[in-house]
Amino acid sequence: MARGDMKVDSLSVSMETEILNRKEFEAISNTIDFSNVSTKDEAGRLVVKAGTPIDNDGQVVKTTPWTGAVGILLHDTYETHPQQAILKKAYVNTTRAQKSSSLTYDLALITELSKSGCRIVLEEPEVLA
């Protein structure tokens, strides 16, 4: 098999923050730019949290008006392993994504994401009776 013939059928990462409401999604690979990141995890490693909007250059988009956001980070990403999946089409659990990223999503984020062809649906988890 030639290198260009390989394709990923699924993505599985253990012990990671889960922000998806449904398992179906489309994502692109991107390298996260840590030059303006100051958030650290418990071990002191630089981290960009799952649910964070990212631009084409791999930089964090922090606040409204979310200018340049092209997707949402699928899993926590560390400076030592900056390659990560950026959600382009997905059903995102709003509560978990906002808690993880410490950001408050609004209609302006969905509008900005749609400019890049991104279709992210923000939804709350179903409540089981």
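The values are calculated or read from the model by the stated rules, or taken from the named source; none is laboratory data. Note that the structure is predicted; figures quoted are calculated from it, not measured. Using ideal geometry, Cβ is built from the backbone for each residue, glycine included, and neighbour counts are taken over all protein chains shown. The protein model used for the area step is the full one, side chains on, heavy atoms only, and it has no ligands, DNA or RNA in it. Shrake-Rupley method; radii C 1.70, N 1.55, O 1.52, S 1.80 Å.
Quick notes on this one:
- Whichever residue in segment 52-91 is closer than 17 Å to Cys118 by Cβ and polar (S, T, N, Q) and, among such residues, is surrounded by the most Cβ atoms within 10 Å (Cβ to Cβ): Thr52
- Candidates in segment 15-32 are the residues that are modelled with pLDDT under 90 and assigned to a loop (DSSP other than H, G, I, E, B); of these, the one that is nearest to Glu124 (Cα to Cα) is Glu18.
- Out of Ser10, Ser38, sole residue that is modelled with pLDDT under 80 and open to solvent by 90 Å² or more (accessible area, probe 1.4 Å): Ser10
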